[in-house]
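Student: Take a look at the following structure, please.
The values are calculated or read from the model by the stated rules, or taken from the named source; none is laboratory data. Nothing here was measured: the structure is a model prediction, and the numbers come from that model. Here the Cβ positions follow ideal geometry from the backbone for every residue, glycine too, while neighbour counts run over all protein chains shown. Note: areas computed on protein heavy atoms with side chains; ligands, DNA, RNA excluded. Shrake-Rupley method; radii C 1.70, N 1.55, O 1.52, S 1.80 Å.
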Number of protein chains: 2
Amino acid sequence: MIEPKVLKGFRDSLPSQEIVRQNLISEIQNIFRSFGFVPIDTPCIEYSEVLLGKGGGETDKQMFRFQDNGNRDVSLRFDLTVPLARYVSANYAQLRFPFKRYHIGKVWRGEKPQKGRYREFLQCDFDIIGADNAQSDFEILLLIHTCLKTMNVGEFKVLVSHRGLLNNYLTKNSIPTGADAVLRAIDKLNKIGLDGVVEILKEEGLQDKDIEAVKSFIALPKKNFGETLSLLSDLLGSDSAEIIRLNELYQMMKDCNIDSDFVLDTSITRGLDYYTGIVYETVLEKMPQIGSICSGGRYNNLTGLYHRDSLPGVGSCIGLDRLLAALEETGSDITSNSRYADILILKTNGPSLSSAASVLRKEGLKVDCYCGDKGPGQQYAYAEANSIPYVVSAYENGLFTVKEIKTRKVLEGLSLSELVEKCR
Amino acid sequence: MIEPKVLKGFRDSLPSQEIVRQNLISEIQNIFRSFGFVPIDTPCIEYSEVLLGKGGGETDKQMFRFQDNGNRDVSLRFDLTVPLARYVSANYAQLRFPFKRYHIGKVWRGEKPQKGRYREFLQCDFDIIGADNAQSDFEILLLIHTCLKTMNVGEFKVLVSHRGLLNNYLTKNSIPTGADAVLRAIDKLNKIGLDGVVEILKEEGLQDKDIEAVKSFIALPKKNFGETLSLLSDLLGSDSAEIIRLNELYQMMKDCNIDSDFVLDTSITRGLDYYTGIVYETVLEKMPQIGSICSGGRYNNLTGLYHRDSLPGVGSCIGLDRLLAALEETGSDITSNSRYADILILKTNGPSLSSAASVLRKEGLKVDCYCGDKGPGQQYAYAEANSIPYVVSAYENGLFTVKEIKTRKVLEGLSLSELVEKCR
């Protein structure tokens, strides 16, 4: 016999988990579609050359890279961003810009497996390609906001910053060290604390007064988006590009009456070098330990590696596993409903119950007809184990005899509408 | 610059294709769930040893097999059946039988690419594991029937046979050659014709009278399930196991009033050796060239390689690409609706239209707000290219000004309900 084991860092999804995951994905897709975002798909395997791009990143070493049967150097995709860049370049003539796409698919990384980290996992990205203006920035922020509101994750804040703020600030304060180095230091704030950041800045050769300046920049008050924005406006000049952009965004937030869910937080940097405009992440007020569920930003050169036109873009991705963890905490409908079916039809030796199944399915109910060879006791146990709340044992003259698993009560003479009502 | 090419045999999915595919998958999932079938997921990469099983099949040579970074011998799955066997064995204690699962996922085969054949493609399997009786056989047949009816693929027939029929027939006629060899010959009937089959049977050493017997077996009339069944019953004895099973199935078909969509066709064998009971495929009356959309059968040893209990099963898979091709022929709603959104909100310099978007989304409509920098003419072209039928250019006092792209007519003063009505 062969041991039926899975590889380290990989996992099976049991029905109760997969039902919840599929429901969540379906909800998210509905929201994406309601905003005019459309799905795409790309191959899971691509030429290594295409996926490596410029190369040099941390992810390169983690790629599942091999020679295929035709001796081509190929790899499994490690994210959905590089494939997007390749896709937009390859299908440029067939796309209309701004191009709003979402993509939900598996990616692979040979990372060291640890709690909550897998070598194969689902990513869920959404981006707008081919526009650089406040409206497209706001569209992504609004979509993030709508997702979190619709999902009922509890109170949350979307923390927003802009890469240009720090650049501008460093120039204004004549701090000689490059913005990237300072930015990478600030990015570690949550992990290593303010003292750690200061330590790195010292190693980078910043003088004490410059370090103080950086400290006061990241410590700007974050109570209200508008207030922080006017502080920054005073500091950097109201005519600087990033202040103008943030002012436009703030106006749009107010128009939609959602400004109080946004925080302008200058300590948000998002590590990746390729962001060039706004950056953002989310925090759940009552579950900060879960971390950011939606993060992203604006990048102004998505396709440069593959196409003569270097298109700008803005986007985000949803951490599905984190979102699931949050929804389990809040007891959302999505995570609490993992019933295999609404109703089990008992297998009896009496008259056929198959017409009952068909009648109930027409009402939109999920109906499982028991098709094993066990007796009634085992069939009730089957319903319970599969979280099926009702068992139909008879159907005559349009009336159902139903056992409610939770209460163990038998209800006789239930009409179709009464049974449908119970199942909803 | 790097050429943004995809590997031979792989493909990008454009939004118009992916919207249709996702809609189709969602419909199919709803049907599966309405029958109490539940989704699972398994890793795309597994130990080669696990996927190879006994090995020796055609698929072995086609596997994408490589060493991972930890020097493990791993492969991409080439179907969803072997992973199911491994999954059921690994998660045996957590599953209740009969276990009804569906699984929609990508698989990889290094086949020679040709029209309609890809090296990466979606499979869609549904099976019942842990029961060997007429009811579970029928459940799969009913599910196939429901899928094809619901999808509106036009007239179809489900062709059914039973592996035991041929075994029994060969024994009854004292034909010495093994049933497997005869079965493999019959399986080629559609490809090489009756003469070709006869040729193979000769090579297998069958005598003329035995060949005549086989010919008359596969030529049994196929007009009506019940008639063919009673012919077979006379031929093989009404008390033989396969006749009893087929009689039970026929009774269930009649109970559901769907017997006229089924044909008992003794020339159906389904090549794979592991089928042990009923086998079936489908044929579209007006599009026979598309081939079978749903095929499968009963196998009585799914898990033997990985588990001490060798569970029986019965199942099928849907050929999504074939189904899509058929739906395009019939002009089904699913394939004809690839609109990116229902409505495009024009970007104007006038008062904000963002409240219009939010009002329309609450009605369940898909609303795209144009967020590029082009003028109105280009925005209408964008709507047309993305199959968006209506463009809203103004929203005041609860009334919309809307351009209908198809007719180029501008409709003024449309109420919310009127616009919603138009979009549906």
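Student: Pull up all non-local amide H partners of A:Lys106: gap of 5 or more, or a different chain, and H-to-H distance under 5 Å with H placed in the peptide plane.
Tutor: The answer is A:Gln123.
Student: Here is a follow-up. Could you run the numbers on buried accessible area between A and B, total for both chains, 1.4 angstrom probe, in Å² to the nearest 100?
Tutor: Values: alone 22180 and 22220 Å², together 36480 Å².
Roughly 7900 Å².
Student: What list of ³J(HN,Hα) couplings, whole Hz, do you get for region B:242-257 from phi and the Karplus terms 6.51, -1.76, 1.60, once you set θ to phi - 60° and write x for glycine and proline?
Tutor: Ordered by residue, 3J(HN,Hα) equals 6, 5, 4, 4, 5, 5, 4, 4, 4, 4, 5, 4, 5, 4, 8, 6 Hz.
Student: Near the amide H of B:Cys256, under 5 Å away, which other amide H atoms are found, from residues 5 or more places off or on another chain, if H is placed in the peptide plane?
Tutor: none
Student: Taking the Cα atoms only, what angle lies between the long axis of helix B:134-151 and the longest principal axis of chain B, rounded to 10 degrees?
Tutor: Compared with the principal axis, the helix lies near 30 degrees.
Student: Oh, and also: For chain A, with a Gaussian network of springs between Cα atoms less than 10 Å apart, report the residue from A:Gly70, A:Gly164, A:Gly226 with the top mean-square fluctuation.
Tutor: Maximum fluctuation in the GNM of chain A, among the listed residues, is at A:Gly70.
Student: How much length would be gained if the chain were fully extended between A:Glu227 and A:Asp333, taking 0.36 nm per residue of separation minus their Cα-Cα distance, in nm to one decimal? All intermediate terms of the calculation are to be shown ahead of the outcome.
Tutor: Details: separation 106, 0.36 × 106 = 38.16 nm, distance 3.69 nm.
Using 0.36 nm per residue and subtracting the Cα-Cα distance, I get 34.5 nm.
Student: Shifting gears a bit: Any chance you could check the Cα centroid distance between region B:221-293 and region A:145-210 for me, in angstrom?
Tutor: That distance is 69 Å.
Student: In A, who owns the beta-carbon nearest the axis carrying A over to B, and how many Å from it?
Tutor: Residue and rounded Å distance to the axis: A:Phe66, 2.
Student: Still on this model: So with the 1.4 Å probe, I'd like the accessible area per residue for chain B, rounded to whole Å². Before the final figure, lay out the partial values.
Tutor: Numbers: 18240 Å² over 424 residues.
Per-residue value: 43 Å².
Student: From other protein chains only, count the Cβ atoms within 10 Å of every residue's Cβ in B:43-52, then give the mean. Walk me through the intermediate numbers first.
Tutor: Numbers: counts 12, 6, 10, 5, 7, 0, 3, 6, 1, 1.
That works out to 5 on average.
Student: Now a separate question. Taking a probe of 1.4 angstrom, what is the accessible area of B:Leu206 in Å², to the nearest 10?
Tutor: The accessible area of B:Leu206 comes to roughly 10 Å².
Student: With +1 on each Lys and Arg Cβ and -1 on each Asp and Glu Cβ, how big is the dipole of chain A about its Cα centre, in debye rounded to the nearest 20?
Tutor: On the way: 51 positive and 56 negative charges, 210 e Å.
Around 1000 debye, computed over chain A.
Student: Taking the Cβ-Cβ separation of B:Asp255 and B:Lys286 as r and a Förster radius of 30 Å, what is the calculated FRET efficiency to the nearest 0.05? Provide the component values of the computation, followed by the final result.
Tutor: On the way: r = 28 Å, r/R0 = 0.94.
The value I calculate is 0.60.
Student: Is region A:269-351 best put as rounded, prolate or oblate by its Cα gyration tensor, with a ≥ b ≥ c the root eigenvalues, rounded for a/c under 1.5, and otherwise prolate when a/b is larger than b/c, oblate when not? Can you show the working numbers first?
Tutor: Details: a/c = 6.09, a/b = 2.13, b/c = 2.87.
Oblate, because a/c is 1.5 or more while a/b does not exceed b/c.
Student: Still on this structure: For B:Lys112, give me every one of the lysines with a C-alpha distance below 16 angstrom, ignoring sequence neighbours fewer than eight places off in its own chain.
Tutor: Cross-link targets: B:Lys8, B:Lys61.
Student: Whose amide H sits under 5 Å from the amide H of B:Leu7, counting only residues 5 or more places off or on another chain, with H placed in the peptide plane?
Tutor: Answer set, sorted by chain and number: A:Tyr47.
Student: Same structure again: Karplus couplings for region A:118-130 from phi (6.51 cos²θ - 1.76 cosθ + 1.60, θ = phi - 60°), rounded to Hz, Gly and Pro as x?
Tutor: Rounded to whole hertz, the list is 10, 7, 10, 8, 7, 10, 9, 10, 9, 9, 10, 10, x.
Student: Straight-line reach only, C-alpha to C-alpha below 18 angstrom: list the lysines that B:Lys422 could link to, leaving out same-chain residues fewer than 8 apart.
Tutor: Qualifying lysines at Cα under 18 Å: B:Lys362, B:Lys366, B:Lys403, B:Lys406, B:Lys409.
Student: Rounded if a/c is under 1.5, else prolate if a/b beats b/c, else oblate: with a ≥ b ≥ c from the C-alpha gyration tensor eigenvalues square-rooted, which is the protein assembly as shown? Walk me through the intermediate numbers first.
Tutor: On the way: a/c = 2.02, a/b = 1.77, b/c = 1.14.
Because a/c hits 1.5 or more and a/b exceeds b/c, the protein assembly as shown counts as prolate.
Student: Once phi is turned into θ = phi - 60°, what whole-Hz ³J(HN,Hα) does the Karplus curve with 6.51, -1.76 and 1.60 give for every residue of region A:192-197, x standing for Gly and Pro?
Tutor: 10, x, 4, 4, x, 4
Student: At A:Ser238 and A:Val410, where each label point lies 7 Å from the Cα along Cα→Cβ, what is the point-to-point distance in nanometres?
Tutor: 7.9 nm
Student: So, R0 is 45 Å and r is the distance between the beta-carbons of B:Asn300 and A:Glu418; what FRET efficiency does that work out to, to 0.05? Could you put the intermediate results ahead of the total?
Tutor: Details: r = 42 Å, r/R0 = 0.93.
E(calc), rounded to 0.05, equals 0.60.
Student: In the protein assembly as shown, if the dipole is taken from +1 on Lys/Arg beta carbons and -1 on Asp/Glu beta carbons about the Cα centre, which of A:Leu320, B:Gln135, A:Leu365 is farthest to the positive end?
Tutor: Selected residue: A:Leu320.
Student: Just checking the output field for A:364-371: average partner chain Cβ neighbours within 10 Å of each residue's Cβ? Display every interim value, and only then the final one.
Tutor: Working: counts 2, 1, 8, 4, 9, 8, 4, 15.
Across A:364-371, the average partner-chain Cβ count within 10 Å equals 6.
Student: Hey, which aspartates and glutamates would be in cross-link range of B:Lys202, C-alpha to C-alpha under 14 Å, not counting anything within fewer than 8 residues on its own chain?
Tutor: B:Asp210, B:Glu212
Student: Classify chain A from the C-alpha gyration tensor, please: rounded if a/c falls under 1.5, else prolate or oblate depending on whether a/b exceeds b/c. Intermediate values should be presented prior to the final figure.
Tutor: Working: a/c = 2.36, a/b = 1.88, b/c = 1.26.
Since a/c reaches 1.5 and a/b is larger than b/c, the shape of chain A is classed as prolate.
Student: Calculated from DSSP H runs of 4 or more alone, at -39500 (n - 2.57) each and per residue, what is the 222 nm mean residue ellipticity of the protein assembly as shown, nearest 500?
Tutor: Details: 32 runs with 344 residues, N = 848.
One gets -12000 deg cm²/dmol as the mean residue ellipticity at 222 nm.
Student: In debye to the nearest 20, how big a dipole does the protein assembly as shown give about its Cα centre with +1 on each Lys and Arg Cβ and -1 on each Asp and Glu Cβ? It would help to have the intermediate numbers written out before the result.
Tutor: Details: 102 positive and 112 negative charges, 66 e Å.
Value, rounded to 20: 320 debye.
Student: To the nearest 10 Å², what's A:His145's accessible area with a 1.4 Å probe?
Tutor: About 10 Å², rounded to the nearest 10.
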